[in-house]
1. Leaving out ligands, DNA and RNA, and with a 1.4 Å probe, what % of the accessible surface on region 238-348 is carbon or sulfur?
2. Compute the length gained on full extension between ASN258 and ASN655: take 0.36 nm times their separation in residues and subtract their Cα-Cα distance, giving the result in nm to one decimal.
3. Using 0.36 nm per residue, how much length does the chain from ARG321 to VAL664 gain when fully extended, once their Cα-Cα distance is taken away?
4. Rounded to the nearest 0.05, what FRET efficiency do GLU203 and GLN479 have when you use their Cβ-Cβ distance and R0 = 25 Å?
5. Can you tell me the accessible area per residue over region 185-269, all protein chains present, probe 1.4 angstrom, in square angstrom?
6. Mind ranking 377-383, 420-426 by how tightly packed they are, going by the mean number of other C-beta atoms within 10 angstrom, highest first?
7. When the chain is fully extended, how far beyond the present Cα-Cα distance does SER518 get from GLU214, taking 0.36 nm per residue of separation?
8. Can you figure out the FRET efficiency of GLN632 with HIS539, using R₀ = 45 Å and their beta-carbon distance, to the nearest 0.05?
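The values are calculated or read from the model by the stated rules, or taken from the named source; none is laboratory data. Note that the coordinates shown come from a computational prediction; the quantities given were computed from them, not determined experimentally. As a convention, Cβ positions derive from the backbone with ideal geometry for all residues, glycine included, and neighbour counts pool all protein chains shown. Ligands, DNA and RNA are excluded from the accessible area calculation, which covers all protein heavy atoms including side chains. Shrake-Rupley method; radii C 1.70, N 1.55, O 1.52, S 1.80 Å.
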Amino acid sequence: MDPPEEDFESEYELSNYTGSGDYDDFDQPYSTSNVNSNRNGHYRNQRQIVLSGADNHLDEAELEGLVMANNATSSRVGSKSKTAAPLYLHYTRQLRQKLTPVIAILSLAWTPQYRSTTCVALLFIVFLSSVILTSNEENAWHKSLLSHTSSKPKFVYKNTKYDPFASLNSNQRHYILKSIYGFWGFFDGGADDRPKEPYMTVENAGNPFLDLTESMFPEESWQADAVYANHFQDAGAKLVVRAKEAIFATYHGYGLKNVQATGEGDDNVTWELEDVDKRLQERINMFIVNQQVDLGSIASAEALDDFAPSWREKGGWTTSRSWDGLKRRLLHALMTNSPFNVVVTGSWQSMGYGGNHGHQSMAAAMEQMLGPLFEKLNVHLVVRAIGLPPLTGLSSQDENELMMGGRSTLIHSLGWSSIYGSDVDMVVWDDYNLEENGKSDETAKALFDLFARQALLAGDTSLPFLWGGDFDVLRNLHQNADVDVGQLGNAMAGVEETASQSAASGLEWAAQYLKCSSKTKRYCDGDAYKFDSHCWVDHGGNAPPTPQLDQIPVLPTAVGWRMHQIKGYTLSYNILAALDDAIDLWAEKTIFEGHPLADENWHMGDYITNVQDKVKALTESNAPHCFQLEEQMKLPKRLCKNRMKGRTEHTPRANPIQTSVRSVL
């Protein structure tokens, strides 16, 4: 739930961001600045100068009038007084003297003897001028022709978009952001009175899920402290909303204008805000998740597209029941201060292989955004990106087989709880190896169904929310086993289009060359713009003995860092939106019922047991896909009902020491 206008937020400087960074957290009440804007002041000043006769500048029209005047005293073009006429006459004579040789040469060039040569020379000059002076990239035909024979274009890594803080020092910048958006100032005033002995334990809870009943929380615990909890809810809600605005600002700027420094002091700054309500609506439209999908009536992917045609270009879709399940997981992590574990998997493209650094992948972008925020809420975020890299040394047939949907994760699925982990709260399936229409073939459906069932059965005390995968499989699991499901979008509907190379510099850094029209698609598809993966930065005098690559080699179907970033930010925004709703539910319930939060709002034990029992009870009649693997790939049907474990030396994997082959030797 987005807050009212006074909580409009943004403190992260992310518009030029491709790597990790820290948060500047601001939480003070919203305030505005009274700014006397003189938008047309420059033009009014120029007009006053001209009217007062103080303009002594000769523009081109005035100069032309002076040159063509035979009698300077009869022409006042550009003059300000009669006394200036002799001076202009002097300049005119000098100019005519200097131009006489040029006029003579031009006259000679136009004689019949040299006229043909002169015409050719003039045509060449016109051609050269058109090449130099053309500024519109769509009309720059010469660049289109020459680009096919030129070397790899050099990309200037600089955003020329208006920077509202360009004239400010760092202290003034922080002053503006604090004044408008506030900062994180929460602390536990009763820390000395908190219980000294751990109480969030399996022994105290009486169950492995850490589902403490209300009576089991000590009176001195923060969960039972109304003052602490109320202030924590308020600070947490503001922090979450600021993070959502930070993601939006990555693609649309800070929303500030006319920022000026009036002195050296921290508070000697003035500014204006852009339309706050408009930005809020644009942000919601960009990342909104459709939570009204009813899988009881929507029985096919085609029906889903008819109901929510733009879900792929926005935040995605889920069901209201699944959204409530995500809120429950987040509240459980908040109440128990337990880690929140996310697995990102799928094809090698979704891992960031093929031209990117590890920190540029979707999983890394999400972890860099949410990790510090979760730490402030006393929750440790763990993100695991696990999948096969592009494999070499295979036959073309084997390579083609692995490139088909679902095949590359089979080896991990057969040891799911050991390789991905048995403590996963959310799974993001991001498979680029699908058919052109985005659908899965029958084998890919069956393999994803196996993957999903193993994910759901892997944990004793956790149950993942499933983002992504085949629609038919997700629907079966949701309807027949109460599984929480959804599919992610990419928020591209809110990204400004790159109309040309020159127009790209006017966009935020993360939005440049991310969304192109058919005319400019060649720029968005160009490796120079999609990838930023320098292998070695030479600082002089410390070159390694082994020659280094300039950049990571790019594979044909690899995904660029900008697409990874926006998908990671879309996932982050969805989690933040659920966290916002979860905190709001927490505050709504406790304001009337008191603290701690009632058990039915956050306990996970019965929730997990119910889903796992129903997954084990699925039959070939109501959920057939996984069972079809026996016929398609000779895999036994019991894999669809029993948890699988494994040991391997391949990495990455969860808990490497416990899951190593050496651990059983």
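1. The C+S portion of the solvent-accessible surface of region 238-348 is 45 percent.
2. Values: separation 397, 0.36 × 397 = 142.92 nm, distance 5.25 nm.
The ASN258-ASN655 span can extend by a further 137.7 nm.
3. Values: separation 343, 0.36 × 343 = 123.48 nm, distance 4.18 nm.
In short, 119.3 nm is gained.
4. Efficiency, from the Cβ-Cβ distance: 0.05.
5. Working: 4000 Å² over 85 residues.
Using a 1.4 Å probe on heavy atoms only, each residue of region 185-269 averages 47 Å².
6. For the peptides 377-383, 420-426, the packing ranking is 420-426, 377-383.
7. 103.5 nm
8. Working from the Cβ atoms, E equals 0.25.
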